Every structure is written in structure tokens, then in C-alpha cells.
Amino acid sequence: MVAAARAGDEGAFGVLFERYRGELRVHCYRMLGSFDEAEDLVQETFLRAWKNLDGFQARSTFRAWAYRIATNACLDFLDSRARRVLPYDLSAPTPPGPALPPRTDIPWLQPFPDRLAEPAAPSESRPDSVAVARETIELAFLAALQHLPPRQRAALILQDVLGWPARQTAALLESPVASVNSALQRARTTLREHLPERRADWANRPSGQERTVLRRYVDAMQRADLDALARLLAEEVRTAMPPWPMWLHGRDSVVAALTASWDSGYVGRLRMVPTGANRQPAVATYVQRTDAYHPFAISVLEIEDDRVTEITAFHDLGLFPAFGLPATLTDDFPDDPPSQHESTRDGGRS
């Protein structure tokens, strides 16, 4: 296949590239923090690779060569661009009250659909590779990565996430090994400063427990049962709704805000579809409008010890097709459809 592609067979090249498209999409997403931009950069990688196929040497694998092109395409794209953020990065929590206007001028972090993630197999040289692959796509990790300068970000992803040796990383970044190692150490220090304490080390978490809590959360929200919801929320829970820049901290604040929304009629009857995003439990929320339910938000949850500790609701309706979600729901839609989170997390995908 490689020989045919190098000989100019565009069909063979397309088949070869498609083998790695999924993992390159995840790589670009880690670099950029944006699902939409990751899609664009993977296509840019395809075009650059085809145009420069004469430069591919058999000294490296096609996969490594494609990663080199994708990384450099991301670095070019990130030049002079602002980092992507979540509301938690912008200000202190706000008390319940009137919402601030949405901010479309801010480059918001986006979630990544589990259905488009690639499987990660355990590595003999790194037994924790599956856990690392999963946890390094979670929102907390992606938000922390955004604090790194692009080249430090690349060095950390290539070495600590993908397991590349320093010499190979240095060759890709066209820098001395000592310089790359120094960048990696600075990146690790910065990352530790911005990661929650519980994410300092890779750890397996019981996905069955998460599914149970997620189902109870969906049930409480669809019934507008605030008492049941309050019992599910951790005392120090925090919630955000990009593109609105404010966020809430604490169970009482979250319940008060929901009470005000439901009492005012701003949020109507809800239907929720379990899904998976960033290897975390997630739900797609639809709100009733006339005779159907229409997309409202994709919420990514952090669950610990049978409690919801964080809810980030992305009000980016353009993401619904990427998650394979229906454009509308009707009352005959099943109450408990299979969750993408259930089908992929246990399979050790990254």
C-alpha cells in the first residue's frame, strides 16, 4: 500500500491515510482544544501529506510521518491564536441571578464525541497506556493543556501521551533533545498547576457506578425533580454553560439557578439522550418547542463517589451531528436508549 501510494496512486494513499484519520483527529484535538478545528486540521494534514508524498522516506513509518505533518499543521495554526477556555478560566463563580450575555467572541473549548475516538490497546512497555489515553482526553486535561505554549504542548502530548522517545520528538520539532526535554519539564510543571489534584496521576474509575449516577441524573432532570437532583450533586459541585461566561459553585447555587429557570418557564420540558464525550459520561439535552424536542445542550459530567462534581453544558448546537444525535425528538423516543458512553468506555478506547 505504501509503495503504491508513493508511486502516485491516489486511491491507495487515501486508503492508507484513512487508517490513521481517527487517531490523528484525536491528536489534533488535544493540540487545539476544538473538535471543529481538529476536523479541519486533519483534512489539512491529508492535503499536505499527498502534496509532499515524495518527501516520505521509508526510514520512518507512514504513521509517524503523518503525525509529524499533523503536529506541524497544528503549530502553524496555533501561531498568534488565543488559547481555548472554559468559563471556569475567566472569573470567580457568580451567584445565582440574571445570566450574563453569551460571549461569541471567546474561543471556547469544545467537547469530543466518543463515537469518533479510536481504540487504545495496552502497551507492553506502558501497562497504563489505556488509562493514560482515556484521561488525557478528559475536559480537565484539555483545559490544562491550553495553558501550555504550543511547542511545550506538542512535546508533552508526543512524549507523555503518545510515548514517543525524546529523540523522535526532537526530530519532529526540529530542536535539540536537551531543548525538548527542558520544554517537557516546564510543561509538566505547568500542567500540575492547572490539573485538579485528583487528576495528578492516571487512575481507573468504576464506569458502572458512573452509568448508574448518569441514569439517576437524567431521570431527575426529565421529571424536574429538584430534590432528587440535589441528592445527586456534590456539595462543591460546579457548573458552566459556554458560551455564557459565568459559572456556579456549590449545590445550593446550582439548585437555586435551576429553580429560577424552571419557575420562569425559560427552560421547558426536557428530554435527555445519554451519550459520551471526552471519555466521560454525557447527555444531550433537548427542550420541548411546540410539537417536538429541539437540541439545547451537550452536557459533560464529572462523577466521583456517586455524586456529580461538575457539569459543563455546551450550548453549541452545531456539535449535535458530530455526536450522531437526532435533529429533533418526539414523545415516542425511547426513555433509556443505549449510551455511547456505555459502549465505548468499557472497551478501553482513547
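Every number in this text was worked out from the coordinates using simple rules, so none of it is lab data. Computed from a predicted model, the values in this text were never measured in an experiment. Every residue, glycine among them, receives a Cβ derived from its backbone with ideal geometry; neighbour counts consider all protein chains shown.
Here the residues PHE296, PHE333, ranked from fewest to most Cβ neighbours within 10 Å of their Cβ, fall in the order PHE333, PHE296. Sequence-distant contacts, meaning Cα pairs under 8 Å at least 6 residues apart, place the relative contact order of the chain at 19 percent. Take the Cα of SER261, step 7 Å along the line toward its Cβ, and report every residue of the range 212-230 whose backbone nitrogen sits under 20 Å from that point. Correct set: 213-230.
Per-residue extension of 0.36 nm, minus the Cα-Cα distance of GLU304 and GLU18, leaves a gain of 99.3 nm for this segment. Here the mean projected area of the convex hull built on the C-alpha positions of the range 1-81 is 5.0 nm². Multiply the residue gap between ALA224 and ARG81 by 0.36 nm, knock off their C-alpha separation, and tell me the result in nm, one decimal place. Result: 47.4 nm gained on full extension. Note that the range 145-187, at 25 °C in a medium of 0.890 mPa s, gets a Stokes-Einstein diffusion coefficient of 250 µm²/s from its Kirkwood radius over C-alpha pairs.
The order of ASP306, ASP332, going from fewest to most other C-beta atoms within 10 Å of their C-beta, is ASP332, ASP306.
Here the spin labels are modelled as points 7 Å beyond Cα on the Cα-Cβ line, and at VAL287 and GLN185 they lie 5.1 nm apart. The ranking of ILE298, ILE311, ILE106 from fewest to most other beta carbons within 10 Å of each one's beta carbon is ILE106, ILE311, ILE298.
The modelled label-to-label distance between HIS194 and THR61, using points 7 Å beyond Cα along the C-beta direction, is 3.0 nm. Based on the Kirkwood radius over alpha-carbon pairs, what value in µm²/s does the Stokes-Einstein equation return for the translational diffusion coefficient of the chain at 37 °C and 0.692 mPa s? D = 153 µm²/s. Rounded if a/c is under 1.5, else prolate if a/b is larger than b/c, else oblate: which is the range 292-331, with a ≥ b ≥ c the root eigenvalues of its Cα gyration tensor? The shape class here is prolate.
As a length-normalised measure over Cα pairs under 8 Å and 6 or more apart, the relative contact order of the range 207-345 settles at 25 percent. Diffusion coefficient (Stokes-Einstein, Kirkwood radius over C-alpha pairs, 37 °C, 0.692 mPa s) for the range 150-250: 190 µm²/s, rounded to a whole number.
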